[in-house]
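Student: Dumping the structure here so I can ask a few things about it.
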Amino acid sequence: MTTVRLTELIDLSFLQEFQDNFALSVGMGSLTEDNDGNAITRPSRFCEFCTNIIRSTQVGRRRCQEVDMLGIAEAIRTGRPAVYHCHAGLVDFVAPIILNGSSIGAIFGGQILTAAPNEEQCLKIAGEIGVDPDKYITEIKKIPVISEEKIQAAANVLFSVANTISKYAYQTLKLREKNREIVLAYNRMDNIFNTMSDGVIIIDDKGIVRQVNLVVEEIFGKSGSALLNKSVNELAGSEAPFVEGVFERQEAYNDIEIFNDASLGRLHCISSGRPIFDDQGMLAGGVILLRPIKKVHNLINRLSGAQAAFRLSDIIGQSPAILKTIQTASQAASCMSNVLIEGESGTGKEVFAQAIHNQSARRKGPFVAVNCGAIPRELIGSELFGYADGAFTGAKRGGRPGKFEFASGGTLFLDEIGDMPLELQVTLLRVLQERKLTRIGDNKLIPIDLRIICATNKNLAHEVEQGNFRQDLYYRFNVISIKIPPLRERREDILLIFNSILTKMANELGRTIKVDSEVYLLLEQYDWPGNVRELQNIAERAISVTEGDTIRLEHLPELIIDNKGMSIQTSTTTKPVNFREPVKMKHNLSEQERQQIIDLLFKAKGNVSYVAKAMGVARSTIYRKMHQYNIFH
């Protein structure tokens with residue numbers, strides 16, 4: 001707890017004036033001390049005897065202090081002024097100054113006698129404190145002799161004054177504490193005011209701006225001093241909802257979109273506000289909250305998952321085809337041009353789109369994905385461009401921004417762009433050319449700053465020839481073209497992807513999973529019409545139905561197992577092999593071994609265990625030889 005000092009709570013000049021007048025009128029000495037025994041006023045009418053004799057030695061000063069402390073204690077105990085004899089034989093009195101039950105100082109009076117001094121006693125005291133006895137007796141005889149009644153009356157006066165000072169000190173302390181609370185509350189509110197993510201405008205009852213926070217300065221691009229004392233209409237425009245809500249209806253409003261061109265610039269915010277009333281219930285002003293629309297969109301995108309998760313390094317593959325595609329995507333990420341990604345379903349078009357975004361200069365902005373084929377034809381316009389209040393039956397009150405606005409500052413991914421209706425393609429082309437849009441049912445132009453990445457599983461050039469897609473829009477999109485190869489055209493990546501998926505899932509499940517070699521051969525043989533998405537489905541299914549630690553043929557779906565034994569392409573240096581049709585080979589050792597394996601597979605109808613037993617080797621050796629000789633079954 002902070003120590004309270006008497007000097008901080010009273011007017012010392014007033015106390016000094018009172019003390020001087022009191023000492024002069026009663027013919028006594030007086031002094032005020034704090035709780036530590038330190039004088040806080042100048043001595044009033046102090047006699048030479050006390051100043052130059054009694055208090056001239058350390059012993060004398062210590063005895064004076066001890067006796068005075070006993071007097072204060074007695075006064076506090078009795079609740080009355082204490083009249084007492086000091087160690088030198090003089091009569092003193094004291095009135096303590098009390099605060100919250102404790103003494104914080106005292107007013108002393110006295111340095112008088114009620115009878116002539118006893119010389120024998122004086123000589124004794126002089127010897128004890130170490131002063132000249134003759135000088136001691138000479139000076140004490142100069143002390144006036146006053147009746148006990150007058151001394152008590154003087155003590156009562158000091159006691160009354162001390163009580164008054166105590167009350168004043170208490171009021172001063174409480175006022176100081178209240179002021180501290182007010183300052184603390186103001187500092188807290190000021191910190192909140194200036195650290196809020198929303199802009200805050202305080203206006204008076206005339207609509208004049210009296211205070212703004214830092215966010216408002218950022219919104220308008222001006223310093224606080226330049227915004228103060230201006231009409232709120234200058235800041236937000238006369239059509240701003242709080243002009244009517246706060247001043248005319250005197251009602252609060254919440255989350256109203258403001259899109260106005262005011263004298264200080266364009267304002268596009270979500271606003272809330274409420275009026276402020278005085279103690280008489282009269283309107284005294286209002287508080288307006290402004291949240292920049294960009295912050296609103298960022299919050300919505302973050303909560304709705306409109307963020308890109310994949311990077312180019314996440315794309316698995318070592319085939320020349322996929323490596324070339326990744327290189328093209330990396331080049332696309334380094335510029336701001338629109339991108340068209342073409343590929344069959346399941347090849348990972350959105351993965352590439354997210355990876356391009358995450359490597360581009362817009363990676364800190366939102367990534368908003370829209371599946372044009374999944375939105376009803378009559379709703380796709382409002383979904384992309386938004387709509388104004390009352391634009392159509394069932395429209396949300398206050399309107400709603402579209403995906404283009406949400407994606408501003410980042411990337412808009414239009415998946416299945418080939419399914420976009422022709423009539424909407426005209427609007428889309430105009431938005432791309434002007435970099436501005438108009439919400440459905442509105443006439444205000446909203447600037448947008450985004451990059452478009454489109455994807456389709458159709459041949460968009462063919463769609464243009466058929467009249468299903470606008471040629472001018474096709475050229476707008478197809479600045480950079482990326483074609484993702486299907487999985488059947490990069491078979492060397494199949495096992496890489498499959499193992500990566502298995503490893504991730506096994507780690508999540510806390511399992512150790514092995515794969516039978518026959519499974520690998522079938523996976524490489526299958527054509528994967530569903531591409532990577534189908535492969536991921538097969539991997540998840542296999543690990544889910546496997547009770548042990550090894551994935552075998554019986555854990556694969558029948559569709560893949562039925563593919564067993566079908567002819568597939570070997571490497572470019574070896575002819576295609578079908579073990580159901582034996583092929584004559586050259587008679588060197590390796591070719592003979594290869595031919596032997598093919599013949600046995602043909603005879604056993606693909607049973608690898610039979611081949612291994614017939615050749616006297618382990619089944620794993622047969623699989624290794626089959627891989628070495630490019631034999632697939």
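The values are calculated or read from the model by the stated rules, or taken from the named source; none is laboratory data. All values reported here derive from a predicted model rather than from experimental measurement. Reconstructed Cβ throughout: ideal geometry from the backbone, glycine too, with neighbour counts over all protein chains shown. Quick note on the areas: whole protein, heavy atoms, side chains included, nothing else; ligands and nucleic acids left out. Shrake-Rupley method; radii C 1.70, N 1.55, O 1.52, S 1.80 Å.
Student: Does R55 satisfy the criteria of being open to solvent by 70 Å² or more (accessible area, probe 1.4 Å) and touching a helix residue (DSSP H, G or I) at 6+ places or on another chain (Cβ under 9 Å)?
Tutor: The answer is yes for R55.
Student: Go through segment 277-292 and count every residue that is outside any loop (DSSP other than H, G, I, E, B) and either open to solvent by 70 Å² or more (accessible area, probe 1.4 Å) or at pLDDT below 85 (or both).
Tutor: Adding up the residues that qualify gives 3.
Student: Take the residues in segment 577-586 that are exposed (fewer than 12 other Cβ atoms within 10 Å of the Cβ) and either modelled with pLDDT of 50 or more or among the basic types (K, R) (or both); name whichever of them is farthest from E518 (Cα to Cα).
Tutor: Residues of segment 577-586 that are exposed (fewer than 12 other Cβ atoms within 10 Å of the Cβ), as a first pass: 581, 584, 586.
Of the ones still in play, those that are also either modelled with pLDDT of 50 or more or among the basic types (K, R) (or both) are 584, 586.
Numbers: K584: 25, K586: 28 Å.
Checking each candidate, the answer is K586.
Student: Of all residues in segment 295-320, how many are modelled with pLDDT of 90 or more and open to solvent by 40 Å² or more (accessible area, probe 1.4 Å)?
Tutor: 7
Student: In segment 461-478, which residues are open to solvent by 50 Å² or more (accessible area, probe 1.4 Å) and either closer than 26 Å to R363 by Cα or in contact (Cβ under 8 Å) with a residue 24 or more places away in the chain (or both)? Working first, answer last.
Tutor: Taking segment 461-478 and keeping what is open to solvent by 50 Å² or more (accessible area, probe 1.4 Å), we get 462, 465-466, 468, 470-472, 475-476.
Scanning segment 461-478 gives N468, R470, D472, Y475, R476.
Student: Output the residues belonging to segment 515-538 that are over 24 Å from N607 (Cα atoms) and either of a type outside the set (A, V, I, L, M) or surrounded by 22 or more Cβ atoms within 10 Å (Cβ to Cβ) (or both).
Tutor: Hits for segment 515-538 are P529, G530, N531, V532, R533, E534, Q536, N537.
Student: Out of all the residues in segment 587-595, is one or more assigned to a helix (DSSP H, G or I), among the polar types (S, T, N, Q) and at pLDDT below 80?
Tutor: yes
Student: Can you tell me how many residues within segment 340-359 are buried (at least 22 other Cβ atoms within 10 Å of the Cβ) and not in a strand (DSSP E or B)?
Tutor: 9
Student: Checking the condition open to solvent by 40 Å² or more (accessible area, probe 1.4 Å) and closer than 24 Å to Q359 by Cα, which residue from K458, K483 passes?
Tutor: Exactly one residue qualifies, and that residue is K483.
Student: Of everything in segment 179-193, what is among the acidic types (D, E) and closer than 14 Å to Q211 by Cα? Give them in sequence order.
Tutor: The answer is D190, and nothing else.
Student: Which ones in segment 360-388 are part of a loop (DSSP other than H, G, I, E, B), hydrophobic (A, V, I, L, M, F, W, C) and closer than 25 Å to V426 by Cα?
Tutor: Listed by number, the residues that qualify are C372, A374, I375, L379, A388.
Student: Please tell me if P144 is open to solvent by less than 70 Å² (accessible area, probe 1.4 Å) and over 20 Å from F46 (Cα atoms).
Tutor: no
Student: Restricting the first residue to segment 401-429 and requiring it to be among the β-branched types (V, I, T), which pairs with a second residue that is open to solvent by 10 Å² or more (accessible area, probe 1.4 Å) and outside any helix (DSSP H, G or I) meet a Cβ separation below 6 Å and a spacing of at least six or different chains?
Tutor: Close Cβ pairs satisfying both conditions: T411/R362.
Student: Something else: Could you say whether any residue in segment 77-84 is out of contact with any strand residue (DSSP E or B) (no Cβ under 9 Å at 6 or more places or on another chain) and among the β-branched types (V, I, T)?
Tutor: yes
Student: Can you give me the ranges of the helices (runs of 4 or more DSSP H) entirely in segment 502-561 with at least 2 residues that are in contact with a His (Cβ under 8 Å, 6 or more places away or on another chain) and of a type outside the set (D, E)? Show your work before the answer.
Tutor: On the way: elements: 517-525, 531-545, 558-561.
The qualifying helices (runs of 4 or more DSSP H) are 517-525, 531-545.
Student: Find the residue count for segment 596-633, including only residues that are open to solvent by 30 Å² or more (accessible area, probe 1.4 Å), outside any helix (DSSP H, G or I), modelled with pLDDT of 75 or more and in contact with a helix residue (DSSP H, G or I) (Cβ under 7 Å, 6 or more places away or on another chain).
Tutor: So the count comes out to 0.
Student: Taking segment 212-233 as the region of interest, how many residues are open to solvent by 70 Å² or more (accessible area, probe 1.4 Å) and out of contact with any helix residue (DSSP H, G or I) (no Cβ under 6 Å at 6 or more places or on another chain)?
Tutor: Let us first name the residues in segment 212-233 that are open to solvent by 70 Å² or more (accessible area, probe 1.4 Å), namely 214, 218, 222, 225, 229.
Of the ones still in play, those that are also out of contact with any helix residue (DSSP H, G or I) (no Cβ under 6 Å at 6 or more places or on another chain) are 218, 222, 225, 229.
So the count comes out to 4.
Student: Name the one entry in L70, L9, L31, L24 that is modelled with pLDDT of 90 or more, aliphatic (A, V, I, L, M), on the phi < 0 side of the Ramachandran plot and surrounded by 14 or more Cβ atoms within 10 Å (Cβ to Cβ).
Tutor: Every option except L31 fails the conditions.
Student: Looking only at segment 177-207, count how many residues are surrounded by 14 or more Cβ atoms within 10 Å (Cβ to Cβ) and among the hydrophobic types (A, V, I, L, M, F, W, C).
Tutor: Result for segment 177-207: 6.
Student: What tally of residues in segment 444-474 results from selecting those that are assigned to a strand (DSSP E or B) and modelled with pLDDT under 90?
Tutor: 3
Student: If you don't mind, there's one more thing I want to ask. May I ask you to list the residues in segment 383-401 that are within 35 Å of the chain's Cα centre (by Cα) and surrounded by fewer than 22 Cβ atoms within 10 Å (Cβ to Cβ)?
Tutor: E383, Y387, A388, D389, A395, K396, R397, G398, G399, R400, P401
Student: Taking the options A369, A407, name whichever one is of a type outside the set (F, W, Y), farther than 20 Å from N457 by Cβ, buried (at least 18 other Cβ atoms within 10 Å of the Cβ) and within 28 Å of the chain's Cα centre (by Cα).
Tutor: Matching residue, one of A369, A407: A407.
Student: Could we say that D36 is open to solvent by 20 Å² or more (accessible area, probe 1.4 Å) and in a loop (DSSP other than H, G, I, E, B) here? Steps first, please.
Tutor: On the way: open to solvent by 20 Å² or more (accessible area, probe 1.4 Å): yes; in a loop (DSSP other than H, G, I, E, B): yes.
When the stated conditions are applied, D36 passes them.
Student: Then there's this: Can you pull out the residues in segment 400-425 that are touching an Asp or Glu at 6+ places or on another chain (Cβ under 8 Å) and either part of a strand (DSSP E or B) or basic (K, R) (or both)?
Tutor: Listed by number, the residues that qualify are K403, F413, D415.
Student: Report, ordered by the first and then the second residue, all pairs with beta carbons closer than 8 Å, sequence separation of six or more or different chains, a first member in segment 207-223 that is more than 13 Å from I288 (Cβ to Cβ), and a second member that is of a type in the set (D, E).
Tutor: Filtered contacts from segment 207-223: S223/E217.
Student: What about I165, is it of a type outside the set (K, R), open to solvent by less than 50 Å² (accessible area, probe 1.4 Å) and part of a strand (DSSP E or B)?
Tutor: When the stated conditions are applied, I165 does not pass them.
Student: Next up: Consider E434 carefully, then state whether it is touching a residue at least 60 places away in the same chain (Cβ under 8 Å), surrounded by fewer than 17 Cβ atoms within 10 Å (Cβ to Cβ) and among the charged types (D, E, K, R).
Tutor: no
Student: All but one of (1) more than 60 Å from the chain's Cα centre (by Cα); (2) modelled with pLDDT of 90 or more; (3) not acidic (D, E) hold for A106; which doesn't?
Tutor: A106 satisfies all of (1) more than 60 Å from the chain's Cα centre (by Cα); (2) modelled with pLDDT of 90 or more; (3) not acidic (D, E) except (1).
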